[in-house]
1. Picking from 178, 162, 196, whose Cα lies most toward the positive end of the charge dipole for the stretch 159-236 (charges on Cβ: Lys, Arg +1; Asp, Glu -1)?
2. Against the longest principal axis of the chain, how steep is helix 164-176, in degrees 0 to 90 to the nearest 10, with axes from Cα atoms?
3. How much length is gained if the chain between residue 81 and residue 177 is pulled fully straight, taking 0.36 nm per residue apart and subtracting their Cα-Cα distance, in nm to one decimal?
4. Arrange the peptides 139-146, 39-46, 95-102 so that the one whose residues have, on average, the most other Cβ atoms within 10 Å appears first.
5. Rounded to the nearest 10 degrees, what's the angle between the helix 133-143 long axis and the longest principal axis of the chain, both from Cα atoms, 0 to 90?
6. Ratio of alpha-carbon Rg to the 2.2 N^0.38 Å globular estimate for the stretch 30-132, to two decimals, please.
7. In the chain, with Lys and Arg counted as +1 and Asp and Glu as -1 at Cβ, which of these residues, 261, 246, 128, has the Cα nearest the positive end of the dipole, that is, farthest along it?
8. Could the peptides 26-32, 48-54 be put in order, highest first, of the mean number of other beta-carbon atoms found within 10 Å of their residues?
Amino acid sequence: DLALRWAKQRGKNRVELYDVGYDAKLRRRTTLEHELRGAIDRDELHLQYQPVVMLPSVRPVGAEALLRWNHPVLGSVGPDEFIPVAEECGMINKLGAWVLHQACHQLSRWLAEGHDVWVSVNVSPRELHATCYVDQVKEALRAHRVPPQRLVLEVTEHAMAADVEELIRRLGDLRATGVRIALDDFGSGYSSLGQLRRLPVDILKIDRSLVVKPMVRVIVELGHQFGLEVIAEGLGEQEEMAMVVAAGCRLGQGYLSGWPVPAEHFEARLDTATSPGARAVAVPVQAG
Ligand code: C2E
Ligand code: MG
Ligand code: MG
Ligand code: MG
């Protein structure tokens, strides 16, 4: 993608190497940033819910809320692309607040309907470090009358790349509200098992990249020893599920046991699982 380009700058001619791909990326980024600013008001965002299931029965016990953006012209833009943009341009706090309220609203409805379920929400390090974040969480729980232990906040392991002491304080404050904390993407890079012991977390989500490795058994056992719930992420194949079950993992999440789906589809899944005579092994739900 490199092109030679004549640049006439500050009155002198010079030749520079110019990355055309970089230019395209920058334009895309600028567009996303601009469009994202109005996305909430234009009602372009929604949450999908992916079941967290018991293994091996695949009965759903919880749901991870995943943010979706459908733009009329750009089409569907994935969170892996727009969340980093929102983080860089300071919009993540506004997006995160929206997600938190949507998720609590949905959770309160499911609880009111008698479903025994929890919901998890992804939290960016940026949000975590805002001093008012704990109050936002308390306010969302109060406004929607959600018992705190029904809400899980997922913090990615990458947050540990920064100030670990500060992170420990922040998570401690959040946990004091009664919500549960999950360490997301565990094993994808930054954290050590030693640091894990010091983090005030309740749930360990083992990263997809680690699920196939022999060491998954060690992590599951250590997690349980530390008193943590352990969820194996990204179970897409039958063999992966068999492997984590053999490793002693009691909870899983992945395309095999359920795609992320809109709330009403997830609800149907809950009804199936809790109604009398429900199938012991549910059929994987495909995204609509
Ligand atoms: P994550 O929190 O680790 O979420 C799991 C991701 O793995 C989701 O991607 C999910 O669709 C995908 N996944 C689930 N099962 C499978 C599987 O069997 N195989 C494979 N290959 N993938 C699977 P998604 O929805 O594209 O989200 C990507 C990331 O974006 C999330 O990773 C999370 O870090 C971030 N994200 C999503 N929603 C939010 C949000 O509301 N706020 C923040 N701050 N971040 C979010
Ligand atoms: Mg997550
Ligand atoms: Mg994850
Ligand atoms: Mg991830």
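1. 196
2. Roughly 40 degrees between the two axes.
3. 31.4 nm
4. Details: 139-146: 16.5, 39-46: 13.8, 95-102: 20.0.
Taking the mean over residues of other Cβ atoms within 10 Å, the ranking is 95-102, 139-146, 39-46.
5. 50
6. Details: Rg = 15.1 Å, N = 103, 2.2 N^0.38 = 12.8 Å.
So the stretch 30-132 has a normalised radius of gyration of 1.18.
7. 128
8. Details: 26-32: 14.1, 48-54: 24.1.
Put in order of decreasing packing, that is 48-54, 26-32.
The values are calculated or read from the model by the stated rules, or taken from the named source; none is laboratory data. These numbers come from a predicted model, not from an experiment. Methodologically, a virtual Cβ is constructed for each residue, glycine included, from the backbone with ideal geometry; neighbour enumeration extends over all protein chains shown. Surface areas here come from the heavy atoms of the whole protein model, side chains and all, with no ligands, DNA or RNA. Shrake-Rupley method; radii C 1.70, N 1.55, O 1.52, S 1.80 Å.
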